[in-house]
There are 2 protein chains.
Amino acid sequence: MSVTAPRGFRATGVACGIKGSGALDLALVASDHPCTAAAVFTTNQIQAASIRYNQTMLARRRAGFRAVVINSGNANACTGPKGLLDVYNVTELAGSLLGFPPDTILMMSTGVIGVPLPVEKIRAGLMRAVSTLSEEGGEAAARAILTTDTYPKMAIRRLSIRGVRVTIGGMAKGAGMVHPDMATMLALITTDAEIDADRLKALLRSAVDASFHRITIDGDQSTNDTVMILANGAAGVAVDEDSMVLFEEALTDLCVEMAKAIVRDGEGATKLVEIRVQGARTSEEARRIACHIARSLLVKTAFYGGDPNWGRILAAAGAAGVPLNADALSLWVQHENGAPLLLFDRGSPAFYTEEEARRIFQAPFLRVLLDLGLGEEEDWVWTCDLSHDYVSINSSYRT
Amino acid sequence: MSVTAPRGFRATGVACGIKGSGALDLALVASDHPCTAAAVFTTNQIQAASIRYNQTMLARRRAGFRAVVINSGNANACTGPKGLLDVYNVTELAGSLLGFPPDTILMMSTGVIGVPLPVEKIRAGLMRAVSTLSEEGGEAAARAILTTDTYPKMAIRRLSIRGVRVTIGGMAKGAGMVHPDMATMLALITTDAEIDADRLKALLRSAVDASFHRITIDGDQSTNDTVMILANGAAGVAVDEDSMVLFEEALTDLCVEMAKAIVRDGEGATKLVEIRVQGARTSEEARRIACHIARSLLVKTAFYGGDPNWGRILAAAGAAGVPLNADALSLWVQHENGAPLLLFDRGSPAFYTEEEARRIFQAPFLRVLLDLGLGEEEDWVWTCDLSHDYVSINSSYRT
C-alpha cells in the first residue's frame, strides 16, 4: 500500500528502460487533491538537478502540489545545465498528462551519477504511468524507486484526530551511500490529514532527525537524498496545535521503521547495529562518536565476522576528535532482549567469556553501549556491517 | 638491512609466541652508542600503554637512548594500569639484559587491542633476542613487527655531509587502520649522523607530514601509531644548519618510500591511488576533500572493480563539508606515465570513451586530479582500493 494508503493518493510503477535489466524504474504518485509539501534534502555540495528543481518549486508555492515523478537507475547529478532542463521537461510533460500546472509536479532521481537522463524513455514511461495510476499502485511505486535494494520499504501508520481516522503512508529506498544528514536515500511520505506548509516542514524535520538522520551504511553521502511529505487533506481533518504531538509521534515512528529497514537492507548487510553513546558532555559529542564508530571499517567488518574484537570500537571512539578520558570508558554489548554484557570497565578489560561475547556479536541485531563517564548526555545511530557482498555490489555497480 | 644499515646499530627478530602462528613477533633494535631520539605519535584519544611510556621517556631525557623493543600481535592498548606496568617491566628487563638504564629503552606494540601483554613470553623472547642481535638483523626485525602486512617495508638512503657518508635506514609496518595524522602504523628509522634532539624532532615532523600523514587505507586511526627516529652519531659527522636541507630531503624521501609501500600493501589492496585536489582556496580544504574522497567506500570499491564510476568521486568531494561550486569542477584521471583523461569539464560530463576511462581505472597506479576552480592551492593523499580481501582479513582478524 505504502503511499496509497492515505485517501486520495494514486500511484504506479512502470519499466521504461532506464535500467538495462528491464526492472521497474519509474514511479508516479499523484494526489486527487492539492497538497502541501515539505522536504529535507542532502547537504552534499554536489546536488542532483532534481534537488535544485524541488527547492525552487517548494520556495515558489506553499500549496497546490499534485504529483511526484521518481526515476531510478539514473541520478541526473553532475549532468550540467542539461540536467536541470531535463527535469523541467519531464515535470512539464507529467503536468500536462495529468492536467496540472508544471510547477505542481515534483521530481526525484536515484542511480548512476554523471549520465544524462534518458528523457525519451521517461517520456514514453510517463504516458503509461499516467494511464495505470491506481489506489493499489503503492507497492509498484515502492518497487520502481529501488536501485540495489533487495526489497521495497513501505510503512503505514494510522491515528485518530478528533475522532477522524488519519493515515500516513511511506515508501523509501536506500542500500548504499547512506549516512546521517541526508546521505543516500529517497523517501516519499503521504498523508490524508490537512497540515499547513510550515507545520508540515517542522513535523518532517523533527521526524527525520530521529530516524533517517541516524542511519549510516557506508558513510557516503549522496547527491540525491530526499525525504518528502505530501499532505492532501482528504481525511477532512486538520493537524492543529493539539494534535501536533500525536501526528509527530506517528510520523516519527513510521520514519524510524523505514530508516531501520534501509539499514537492514544496506548493501551486503547481514545485521543491524545500534551504537549508543552515553555519559557524554553533550549530545553532539555523543553523536559524533557514535557516527565515527558506525563508520569504522574495522568495526563494521568485525560485526560482519561476529568477532568480539571490541578494541576496535574503542579505537574508533578515540579517533572521533572528541576529548576522552580512557580510564573512564565502559563498554557493553547486547543482543535483542538480552542483558548487556560488560566488556570494558572504566579503563580495563572486564571479566567475561569469549563465548558469551561471540554469541552477542553474532546475533542479527546488536546494541553497542559506550559510556564515556564524562557527563549526562547521550545519542545513538543505527548502522549495518560491512560484508563481502558490499564490495561485490559496489566494485561493479554500473555493469 | 633496514635499521641496521647505518653504522652502530644491531637488530634481531624472534618468535616468542605472542602470535599463535609461530611467526616472528618480537624485534629488538639496539645502538652501540647513545642516541638522540624523536617520535610522532597517534592523535587517537585512546593510546596504547607504550605510547604513554615513550612520551614520558622522551620528555625525561634528551639523549642517551640505547634500544627499542617492538612486539607485534598485541597492541597493549585498553589494558588498564596493568598495561603500563607491563611496559615498565619489559623495558627494565631489556635494559638490564643489555646493560643500560631502563629509561634508555623505548617500546612499541601493534596487534589486538584489549588483551593483556603476555609478559612472560616477551621475557623469554628478550633473552634470545639479546643474544642474537647483529648488524645483519635488520630484515628479521622488519619481519617481526608485521601483523597483516604481506611483506616487510624497508628503505635506505645515503648522503654525504662534509665528505662523510651518512646512512638513514628505516623499517615500517602498516596494513590496516592507516589514516592521516598517525593512524595505524609503526616505523622506526635509524641514522648514524649526529643530530641534536630539537633538530631531530623538527626533521622528523617535516618528513612525516610529507609522507605518513598523507596515506589512508581504511580511514581508521590506531591507538598505537608511532614513527620514531634514533640518531647515534656513529658516522662522526653532525647535521648542522647547512646540511639540514640535504638530510631532510633524504629522510623525507625514505619516509615517502615506506609510506607508499604501506599503502600498496594495505589490507587487500590491489592498487595505489593518488588523490590530488587543486584549484582550492586553501591547502587545508584541498587536503580535506582529498581525504574524504580517499575514505569513501563507494570510491574505493569502484577503484577495486576498475569501474570508471567517477560520479562517486564528485559525490564524495561534495560531502567533505567544504563549500564548492559544482559548475566550476573538473576531473581527470591518469595512470603511470599516461596523459590525464578529462572526465568532467567545469560542471558537465566530458567527451571520452568508456574504454579509455576503464583502461586507466584498471591500472595498478591511478592518479585522480580534481580541480575545484576556486583558487590556487592544492594538496594530495595516497590511498588504496577496498577489496573482498579487506573484508576477509578484518572480519576474522583475531581468529
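The values are calculated or read from the model by the stated rules, or taken from the named source; none is laboratory data. This one's a predicted model, so the numbers in the text were calculated from it and none came from an experiment. So basically every Cβ, Gly included, is an ideal-geometry build from the backbone, and we count neighbours across all protein chains shown.
Before we move on, is A:Leu374 at pLDDT 85 or above, more than 8 Å from every other protein chain (Cβ to nearest Cβ) and either within 24 Å of B:Asn74 (Cα to Cα) or not in a loop (DSSP other than H, G, I, E, B) (or both)?
In short, no.
If I go through segment A:66-109 residue by residue, how many of them are under 26 Å from B:Leu324 (Cβ atoms) and without any contact (Cβ under 8 Å) to a residue 24 or more places away in the chain?
Looking only at that region, the number is 3.
Matching residues to (1) away from chain A (no Cβ under 11 Å); (2) within 30 Å of A:Glu354 (Cα to Cα); (3) part of a strand (DSSP E or B); (4) not β-branched (Val, Ile, Thr):
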residue: B:Arg359; (1), (2), (3), (4): yes, no, no, yes
residue: B:Leu369; (1), (2), (3), (4): yes, no, yes, yes
residue: B:Glu378; (1), (2), (3), (4): yes, no, yes, yes
residue: B:Leu386; (1), (2), (3), (4): no, yes, no, yes
residue: B:Asn394; (1), (2), (3), (4): no, yes, no, yes
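Among B:Phe351, B:Phe365, B:Phe303, which is more than 8 Å from chain A (Cβ to nearest Cβ), under 25 Å from the mean Cα position of the chain (by Cα) and surrounded by fewer than 18 Cβ atoms within 10 Å (Cβ to Cβ)?
Criteria check complete, one pass: B:Phe365.
I need a count of the residues in segment A:14-58 that are under 14 Å from A:Met107 (Cα atoms), touching a strand residue (DSSP E or B) at 6+ places or on another chain (Cβ under 8 Å) and not aliphatic (A, V, I, L, M).
7
Return the total of residues in segment A:281-300 being within 13 Å of another protein chain (Cβ to nearest Cβ) and either modelled with pLDDT of 95 or more or part of a helix (DSSP H, G or I) (or both).
12
Every residue in segment B:144-198 that is charged (D, E, K, R), at pLDDT 90 or above and either within 30 Å of B:Ile275 (Cα to Cα) or touching a helix residue (DSSP H, G or I) at 6+ places or on another chain (Cβ under 7 Å) (or both), please.
Passing the criteria: B:Lys153, B:Arg157, B:Arg158, B:Lys173.
Find the residue count for segment A:325-348, including only residues that are out of contact with any Gly (no Cβ under 6 Å at 6 or more places or on another chain) and part of a loop (DSSP other than H, G, I, E, B).
Of the residues in segment A:325-348, 8 are out of contact with any Gly (no Cβ under 6 Å at 6 or more places or on another chain) and part of a loop (DSSP other than H, G, I, E, B).
Please tell me if A:Leu314 is crowded, with 22+ Cβ neighbours inside 10 Å, under 17 Å from A:Arg346 (Cα atoms) and facing chain B (nearest Cβ under 8 Å).
In short, yes.
Report every pair of residues separated by at least 6 positions or lying on different chains whose Cβ atoms are under 8 Å apart, first residue within segment B:299-316 and in contact (Cβ under 8 Å) with a residue 24 or more places away in the chain, second outside any helix (DSSP H, G or I) and among the charged types (D, E, K, R).
B:Lys300/B:Asp385; B:Thr301/B:Asp385; B:Phe303/B:Lys271; B:Phe303/B:Asp385; B:Tyr304/B:Lys271; B:Tyr304/B:Asp385; B:Asp307/A:Arg398; B:Ala316/A:Asp220
More than 14 Å from chain A (Cβ to nearest Cβ), touching a helix residue (DSSP H, G or I) at 6+ places or on another chain (Cβ under 6 Å), surrounded by fewer than 20 Cβ atoms within 10 Å (Cβ to Cβ) and hydrophobic (A, V, I, L, M, F, W, C): which single residue out of B:Leu106, B:Leu84, B:Leu97 fits that description?
So the residue among B:Leu106, B:Leu84, B:Leu97 that is more than 14 Å from chain A (Cβ to nearest Cβ), touching a helix residue (DSSP H, G or I) at 6+ places or on another chain (Cβ under 6 Å), surrounded by fewer than 20 Cβ atoms within 10 Å (Cβ to Cβ) and hydrophobic (A, V, I, L, M, F, W, C) is B:Leu97.
Taking B:Ala259 as meeting all but one of (1) outside any loop (DSSP other than H, G, I, E, B); (2) more than 18 Å from the chain's Cα centre (by Cα), write down the number of the exception.
So the condition that B:Ala259 fails would be (2).
Please state which of the following conditions B:Leu272 fails to meet, knowing it meets all the rest: (1) under 12 Å from B:Thr383 (Cα atoms); (2) within 8 Å of another protein chain (Cβ to nearest Cβ); (3) surrounded by fewer than 24 Cβ atoms within 10 Å (Cβ to Cβ); (4) of a type outside the set (D, E, K, R).
(2)
Among the numbered criteria (1) in a helix (DSSP H, G or I); (2) crowded, with 24+ Cβ neighbours inside 10 Å; (3) touching a helix residue (DSSP H, G or I) at 6+ places or on another chain (Cβ under 9 Å), which one does B:Asn224 miss?
It fails just one condition, (1).
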